[in-house]
Amino acid sequence: MSESLYAQLISLTAGTLLLTAALIVWRRSLRASVRLLAIQGIALAGLVAVLGWHERTIELVLVSLLVLGLKAIVLPLVLSRNVLTHDDDREVPRLNPTASLIFAALLTMLAYIVCRPWMGDTDDPTSRAVPIGIALVLIGFLLLITRRRAASQLIGFLVLDNGIATVAFLTATGVPLIVELGASLDVLLVVLILQVLTGRMQVKFGGTDLDDLTELKD
Amino acid sequence: MNPLEGALTAELLIAALACIVAALSPASMRRYLAGVATLAMAASGIVAGGFALSGHTGTLSAPTALPAVDLTLAPDRLGGVFIVIASAVTLLAALYAIGYVHGSADSRSAWLAFIIFTLGLQMVPAAGDVITFLLAWELMALGSGVLVLTDHRTRPQARSAALWYAVMTQLSFLLLLAGFAVLATATGSTTFDALVTVSPTSTTGALAFILLTLGFATKAGLVPLHIWLPRAHPEAPSHASAVMSAAMVKMGVYGTLLVVLRFMPGGPAWWGIVLLVLGGISAVYGILQASVTSDVKRLLAYSTTENIGLIFLAIGASVLLAAYGITAASQAALLAALLLAISHAAFKCSLFLGAGAIVHATGERNLDRLGGLGVRMPWTAAAFGVAALGAAALPVTSGFVAEWTLFQSFIHGATRDAIPLAVALPVAVAVVALTAGLALVTFVKLYGIGFLARPRSTGADDAHEVSHPMRWAALIGAAAVIALGVFPGPIAQVLASAVGIGDVATIGFGGLSLPSLGVLLDPMALAITALVCALPVVVVSALSARRHPRRATELPWGCGGVRVSPRMQYTATSYAEPLMRVFDDTLRPEQDVVVTHATESRYLVAQVRYRQKLSDVIEVRGYRPLLAFADRLGVVSRRLQNGSLHRYLTYSFVALIVVLVVVSL
């Protein structure tokens, strides 16, 4: 693979990651968000695959398959089951989409500023993509704060996790299979547990709006 | 292994054994087995302290999980003095406990707490480095904290007392931790021998002095940090309050001596002034509160604040005099501080044990409901009376010798060359004189109302003498008060050698002589002279009494002079009433007088109800507003935690952003 193609592919996958995150911030429909999350998972898997192809390591390709299976197929499926079980899939965010998008843009800028010392003035495409991972983490956090529904919280959490994974893959040029396996299992477990809790919330309180949970303090 | 190390090892082993015995022995045998084991531990402590005091050196160390940090026991001679004090008080308290404990005070946890408490107490002066010192300090705090809670089932105020105690003792610990941290950072080591390199005049030295002094003053119960003392001492079982009052607060004194003698000798004059002021205020305030309170144990607790105040006054005078180069008077003040410490340990131990006997026998702690115990409990009355003489600093007791030495140092230290001295010493003399006068009133009240006159309640009327171990423990304490008062010379010499004062001699019948000041005190000779002088008077009055036999006068109507009811006697409250009037502005009592008039005429009084409530002014004016403020702060800060998940997430998000921004700047 030529270096320029490698750089372009890295930029493409990383750009897709950021774009899907921004779209998730913009969209109110939970179904659309889950679909975007699946696309994000594909982009992440693609990123890992490109890295593996470039480094010529079969292990990374395996990791990319794992990522593809988990983040692009299994988790979105689990989430969409939850979303589909009840009709109302409209999120009413605490912040309107315009303001959220402005915040997302600011956070992306912050990510670039923070990463300046690491990037330096290298032309290495992986280093140049690291800020996108950080931006993903921050945007995931933003989603956690501004969304009310439990399912949206899960989506925010997964965006955050995608960001962490992106940074890990880019800075360490791939992660050993065993480590990725462990991390993926963690995420899967967290999502399943939260899924169960969300179901219980639905049954107990008739809704999954987190604002209704403020009575549970002390 | 030299004798000192052997004795310390033996003490630790016996303590472990005592813990096992206390935990495993059956309830019916527990007090005997655990009591004897504690006695053995205290005895080995006295031996170890004696070795340290006589100049033996030795080091016991144990490695810890941290590299290069060992726990070290290496008592020096000053430490030896305090090990002996702590062990001797523990010995008497354990002996007393064998006869005294019952119910919750005889439980497994109470015995374990007592053993751990007294072990920690004996290890504090033995510690050779900061870590060991603080560890022993916390053991002591932990054990005594549990003991304060002993009666929490029956006395709800024990819980509040334990809370106050825990907070103040942790405050003390934090201050000490900070102070030692300052010293250890400056020297790079935690062993006591390495800490001495800090200069007392440097900023580091000043900071360490302030932090450590405040920490030790909290433990010693000095005003305004005394607030836990009148709460915690009355709540603990009497054998524990005896140890707390007679030995534990002394560790504050030991710590202060450690700072001004061992770590940073030759401190500047302002150190002396700080200690003088702290001690002077505590002495006067403590005895003033003691003189007007009616609760026996609370009275004794306030009197502890007074005595510790006097000890700090003496230490302060010593530092101040040394700073101006007046060595002889400075050394006399230091000797007075140690004599006061030993004397206080003896009489306060005996007084608290006696108070425990009173509570045990009558079920009353309020002096207004006692009386007539002198006839009903003659042994306890004798021990209590002697100890009260000591507390009032009257001749032939240890208190007199100590205050005499203190006065000598003040008088001979007075000079016109240094203005601080010229101002401070006369004021200090006045403070000690006022304190001594008030102490006399207080202990006349305590003994007179409690043991003389007629019983004021059925509890006091039904009182009976307590068991032999309790009796003997109080009597031994009283004997020590007399022994220290009659033969002060040898004891003063031992104490002087412990702090490196050479200029003390024994004279006459065990009398005390300070050659460099040119003064001497021989209590035995004085007592013999007084006897010789008094003998003719006694003989003459006895003879004349025989010649004129007393006529019995039976008045049909006693002119109010015949006391038909015990309620017509003076009570503790009425005895202290003049003092209450004089010091009204300081004490600020709450008084209610409700007069009920007869229905026939409003000029006739049917009933007068008088109620008086005394609260600690410092607590009401100083601590309550502080606590209220903390409460308000707590209520306001609850808004931070309103239960919203989003808000909590926002906190961490904002924190993350701030960190990122700071990193990228």
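The values are calculated or read from the model by the stated rules, or taken from the named source; none is laboratory data. Quantities reported herein were computed from a predicted structural model and do not represent experimental measurements. Note: ideal-geometry Cβ built from the backbone for every residue, glycine included; neighbour counts use all protein chains shown.
Quick look at the numbers
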{"read-out": "Selection count, the range A:10-46, where residues are in contact with a strand residue (DSSP E or B) (Cβ under 8 Å, 6 or more places away or on another chain) and either under 15 Å from A:L160 (Cα atoms) or part of a helix (DSSP H, G or I) (or both)", "value": "1"}
{"read-out": "Filter result (loosely packed, with under 13 Cβ neighbours inside 10 Å and either among the β-branched types (V, I, T) or touching a residue at least 24 places away in the same chain (Cβ under 8 Å) (or both)) within the range B:642-665", "value": "B:V654, B:V658, B:V659, B:V661, B:V662, B:V663"}
{"read-out": "Selection from the range A:113-140 of residues that are within 14 Å of chain B (Cβ to nearest Cβ) and either under 18 Å from the mean Cα position of the chain (by Cα) or within 30 Å of A:G206 (Cβ to Cβ) (or both)", "value": "A:V130, A:P131, A:G133, A:I134, A:A135, A:L136, A:V137, A:L138, A:I139, A:G140"}
{"read-out": "Test set (1) surrounded by 22 or more Cβ atoms within 10 Å (Cβ to Cβ); (2) touching a residue at least 60 places away in the same chain (Cβ under 8 Å); (3) not in a loop (DSSP other than H, G, I, E, B) - B:V84 fails condition number", "value": "(2)"}
{"read-out": "Any hit, the range B:472-487, residues being part of a helix (DSSP H, G or I) and in contact with an Asp or Glu (Cβ under 9 Å, 6 or more places away or on another chain)", "value": "no"}
{"read-out": "Test result for B:A383, assigned to a helix (DSSP H, G or I) and in contact with a strand residue (DSSP E or B) (Cβ under 8 Å, 6 or more places away or on another chain)", "value": "no"}
{"read-out": "Which listed residue is under 20 Å from B:S652 (Cα atoms), within 14 Å of chain B (Cβ to nearest Cβ) and surrounded by fewer than 20 Cβ atoms within 10 Å (Cβ to Cβ), from A:L106, A:L143, A:L197", "value": "A:L106"}
{"read-out": "Qualifying positions in the range B:114-127 - crowded, with 24+ Cβ neighbours inside 10 Å and more than 19 Å from the chain's Cα centre (by Cα)", "value": "B:I115, B:A126"}
{"read-out": "Condition met for B:F192 (buried (at least 16 other Cβ atoms within 10 Å of the Cβ) and either at pLDDT 95 or above or of a type in the set (D, E) (or both))", "value": "no"}
{"read-out": "Test: residue in the range B:516-532 that is under 30 Å from B:G356 (Cα atoms) and in a helix (DSSP H, G or I)", "value": "no"}
{"read-out": "Residues within the range B:394-429 that are at pLDDT 90 or above and small (G, A, S), tallied", "value": "5"}
{"read-out": "Matching option when the condition is under 22 Å from B:V654 (Cβ atoms), away from every other protein chain (no Cβ under 14 Å) and not small (G, A, S), among A:D161, A:D211, A:D186", "value": "A:D161"}
{"read-out": "Wholly within the range B:186-291, helices (runs of 4 or more DSSP H) carrying at least 3 residues that are in contact (Cβ under 8 Å) with a residue 24 or more places away in the chain and under 29 Å from B:V359 (Cβ atoms)", "value": "B:203-220, B:229-235, B:238-243, B:250-257"}
{"read-out": "Residue tally, condition over 17 Å from B:Q122 (Cβ atoms) and in contact (Cβ under 8 Å) with a residue 12 or more places away in the chain, over the range B:2-21", "value": "2"}
{"read-out": "Residue within the range B:618-634 that is out of contact with any strand residue (DSSP E or B) (no Cβ under 7 Å at 6 or more places or on another chain), within 14 Å of chain A (Cβ to nearest Cβ) and not aromatic (F, W, Y) present", "value": "yes"}
{"read-out": "Pairs with Cβ under 7 Å, 6+ apart, first in the range B:95-107 and among the hydroxyl-bearing types (S, T, Y), second surrounded by fewer than 21 Cβ atoms within 10 Å (Cβ to Cβ)", "value": "B:Y96/B:P469; B:Y100/B:H360; B:S104/B:D151; B:S104/B:R153"}
{"read-out": "Output for the range B:496-537, where each listed residue is in contact (Cβ under 8 Å) with a residue 60 or more places away in the chain and closer than 20 Å to B:L394 by Cβ", "value": "B:L512, B:V519, B:L521, B:P523, B:L526, B:A527"}
{"read-out": "Considering residues of the range B:370-423 that are of a type outside the set (V, I, T) and without any contact (Cβ under 8 Å) to a residue 12 or more places away in the chain only, the residue surrounded by the most Cβ atoms within 10 Å (Cβ to Cβ)", "value": "B:A422"}
{"read-out": "A:D123, sole failed condition from (1) in contact with a Ser or Thr (Cβ under 6 Å, 6 or more places away or on another chain); (2) not in a helix (DSSP H, G or I)", "value": "(1)"}
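To keep it simple, each residue is scored yes or no on (1) within 17 Å of the chain's Cα centre (by Cα); (2) of a type in the set (A, V, I, L, M); (3) modelled with pLDDT of 90 or more.
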position: A:L17; (1), (2), (3): yes, yes, yes
position: A:A21; (1), (2), (3): yes, yes, yes
position: A:R31; (1), (2), (3): yes, no, no
position: A:I42; (1), (2), (3): yes, yes, yes
position: A:E59; (1), (2), (3): no, no, no
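Table: residues versus (1) in contact with a helix residue (DSSP H, G or I) (Cβ under 8 Å, 6 or more places away or on another chain); (2) within 14 Å of chain A (Cβ to nearest Cβ).
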{"residue": "B:Y610", "(1), (2)": "no, no"}
{"residue": "B:D616", "(1), (2)": "yes, no"}
{"residue": "B:Y648", "(1), (2)": "no, yes"}
{"residue": "B:V658", "(1), (2)": "no, yes"}
